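Read through the structure below, which is laid out as structure tokens, and then see the notes.
The values are calculated or read from the model by the stated rules, or taken from the named source; none is laboratory data. Just so it is clear, the structure is predicted and the values come from calculations on it, not from any experiment. Cβ: placed from backbone, ideal geometry, glycine included. Neighbour counts: every protein chain shown. These accessible areas exclude ligands, DNA and RNA; they are computed on the full protein's heavy atoms, side chains included. Shrake-Rupley method; radii C 1.70, N 1.55, O 1.52, S 1.80 Å.
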Amino acid sequence: MKLRSLILVLIVLFYNVTTIVALRIDGSFQTNKFFKFVSKFGFIKFEKHQTKSSNEYGFIYGNVTSEQSFPKGVSVTLAVLDRHHFLEFYGNRTVTNRNLACRKMFARLNATSYDAKCNRDARGDYLRRVPCNHSGLCSDEDSPSNVIKDSQFTFVISNQNQPRFWYISFVACYRNETTCEWEHYNGLPHKIDYHLDLVNGHPIKEQNYYSPFIYHFSYDKQNILEQCLIFFTIYIVLVPIQIIGSRKQNHPVTKLFTTSLVMEFISICFILIHLISFASDGRGNEGLKIAGDIFDILSRTSFMLILLLLAKGWAVTRLEISAASWIALIFIWISYLILNFILYVWNMTEIDVISDIDEFQTWPGFLVLISRSCIMLWFLYELRTTMKYEHSTKKLDFLLHFGASSLVWFIYLPIIAVISMSVSVFWRYKLLLAVINSVDCLAYCVMMGLLWPNRSGQYLLLAGPNTLRIDELDEFNEAPHNNREIYRDEIPNENSEDMETLVSTNDLLTNNSHNVNDTLLLIENGDLTDRNDSKKIFT
């Protein structure tokens, strides 16, 4: 019931989150703010040999209107730019003199952007005068046949040979039709409402091979829906198996691991629902995505807690951990959990989407990687200490396999974070997501095998009503002080004849023929001479 309540609370808290991820965007621009960045979107590549009628294009289309009227010949500008043009455009937005800022921002575009009056020889289609007329197209939309139905403007994106990011923004600048100079609009503040669609493929589905896995997704986010479906299929098999297995044993480690696995499955479900919704309408449910990410963080950090507890020998070689050890462990774990949440919030709010960096190239990301590496070293130290004072071969075998697999889980994230820095930004996010989910899934599978009831009963304490007794007997038999067996071959036989030396408790209690020095008692049993049992003399 507590888990269900937590899920409902998270859904309510994040249901109305309106963070823009891409492709169907509604918003407004206040002209007195001068500049507003709207979105960054990766479009697929267009091969040179393809004809102009090919559907392998990207499209940006929509409507931009205002309830207030602008003076004649005055407007603001909607700019759709590739990275080559955008960086200079974006960098000059902070110039204090707004007229100078406008001239600097559009200096490079003057030579490449088409304008019917000022630059008819240019071939680039990057700009629109907005707002557009409520009942018609934008004033500089010179190809009405290319405009998508029910839209006021359309940009057709054709990247040759490689995918590229395109950047959409509004700026309170306009080109004077008389002087062809860029000027700042400093009139009365106006509110401009916009609705934009950004898609990979032709918006008219009858003319396009429509793929839900790429249509609404930016190029760097394509195929993550397939990834999520694959892991959903895996976890929908693993979770019921683990729940069934956990019911066969009453063990705190197994319960904690089952909780971690269930939280990861809930995370996958929430994110999958968001992605399916996003693939269908270009909006998705950002609240579910955030809830899924939170469950994912809780699942991974709780899995780390399990590893640390097992490394300290909890419920394996000892039933209790000292109070000081518990305080240190919980403090480190909570600190790591908080740091992961800080990184998540930082990634959503502070990382400039215009830059080509990921979360692990920020200072919270560095702290997460460093703290993870330090926890790994602490894990190895605790595991070594536990193995040093353990004599049971079964438990040592478990700890050895457990330590090797856990070490891989600890070290993979810093390694893949370093490798991803040299990977193209178009593939980096997908690579990180695929590797992280794959390694975590493999770690869950390995832990399921190690903690499965028919195996864990051999080395885990409190696993069942009889397990503790079995473990105690194993430890007693394997203890060095208990190895007092002497094989018969080492005892000279004065008659040179085989004698059985199996001694029963009753014989020992009733036989009165003890040696005076209590050295050795031999009992010959002729009825057992034909058996192949081991012959032993017990002292």
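Quick notes
- Residue within region 248-261 that is in contact (Cβ under 8 Å) with a residue 24 or more places away in the chain, among the hydrophobic types (A, V, I, L, M, F, W, C) and under 20 Å from Gln227 (Cα atoms) present: yes
- Taking region 106-125 as the range and being part of a loop (DSSP other than H, G, I, E, B), in contact (Cβ under 8 Å) with a residue 12 or more places away in the chain and either within 14 Å of Trp182 (Cβ to Cβ) or among the basic types (Lys, Arg) (or both) as the test, the residues that pass are Phe106, Ala107, Arg108, Lys117, Cys118.
- Consider region 297-325 and keep the residues that are closer than 24 Å to Gln249 by Cα and out of contact with any helix residue (DSSP H, G or I) (no Cβ under 8 Å at 6 or more places or on another chain). The one that is modelled with the highest pLDDT is Glu320.
- Leading residue by the ranking (most open to solvent (accessible area, probe 1.4 Å)) among those in region 348-384 that are without any contact (Cβ under 8 Å) to a residue 12 or more places away in the chain and part of a helix (DSSP H, G or I): Arg384
- Matching residues in region 68-105 - criterion: being part of a loop (DSSP other than H, G, I, E, B) and either under 16 Å from Arg175 (Cβ atoms) or in contact with an Asp or Glu (Cβ under 8 Å, 6 or more places away or on another chain) (or both): Phe70, Pro71, Lys72, Gly73, Val74, Ser75
- Of residues in region 270-288 being assigned to a helix (DSSP H, G or I), in contact (Cβ under 8 Å) with a residue 40 or more places away in the chain and not small (Gly, Ala, Ser), the one surrounded by the fewest Cβ atoms within 10 Å (Cβ to Cβ): Asp281
- Restricted to region 43-92, and to residues there that are farther than 30 Å from Gln222 by Cβ and among the charged types (D, E, K, R), the residue that is modelled with the highest pLDDT is Glu67.
- Any pair with Cβ under 8 angstrom, 6 or more apart, that starts in region 396-410 at a residue that is farther than 11 Å from Leu450 by Cβ and ends at one that is among the β-branched types (Val, Ile, Thr): Val408/Val439; Trp409/Val439; Phe410/Ile375
- Of all residues in region 155-183, those that are more than 15 Å from Arg129 (Cβ to Cβ) and touching a residue at least 12 places away in the same chain (Cβ under 8 Å) have Cβ atoms under 6 Å from Cβ atoms of residues that are in a loop (DSSP other than H, G, I, E, B) and aromatic (Phe, Trp, Tyr), 6 or more apart or on another chain, in Val156/Tyr57; Ser158/Tyr57.
- From Arg103, Arg128, residue being in contact with a Leu (Cβ under 8 Å, 6 or more places away or on another chain) and in contact (Cβ under 8 Å) with a residue 60 or more places away in the chain: Arg128
- Tally, over region 67-85, of residues that are open to solvent by 70 Å² or more (accessible area, probe 1.4 Å) and within 17 Å of Lys117 (Cα to Cα): 1
- In region 411-426, residue farthest from Ile375 (Cα to Cα) [restricted to those that are surrounded by 14 or more Cβ atoms within 10 Å (Cβ to Cβ) and touching a residue at least 60 places away in the same chain (Cβ under 8 Å)]: Phe426
- Any hit, region 193-210, residues being open to solvent by less than 20 Å² (accessible area, probe 1.4 Å), in contact with a Leu (Cβ under 7 Å, 6 or more places away or on another chain) and closer than 25 Å to Asp440 by Cα: no
- Residues considered: Cys132, Cys118. Of these, the only one that is on the phi < 0 side of the Ramachandran plot, surrounded by 21 or more Cβ atoms within 10 Å (Cβ to Cβ) and over 41 Å from the mean Cα position of the chain (by Cα) is Cys132.
- Considering residues of region 385-403 that are of a type outside the set (S, T, N, Q) and in contact with an Asp or Glu (Cβ under 6 Å, 6 or more places away or on another chain) only, the residue least open to solvent (accessible area, probe 1.4 Å): Leu396
- Selection over region 289-328 of residues that are open to solvent by 20 Å² or more (accessible area, probe 1.4 Å), part of a helix (DSSP H, G or I) and among the aromatic types (Phe, Trp, Tyr) gives a count of 1.
- Screening Ile168 on (1) open to solvent by less than 30 Å² (accessible area, probe 1.4 Å); (2) over 44 Å from the mean Cα position of the chain (by Cα) shows it passes everything except condition (2).
- Filter pass, Thr301 being within 26 Å of Ile411 (Cβ to Cβ), hydroxyl-bearing (Ser, Thr, Tyr) and under 14 Å from the mean Cα position of the chain (by Cα): yes
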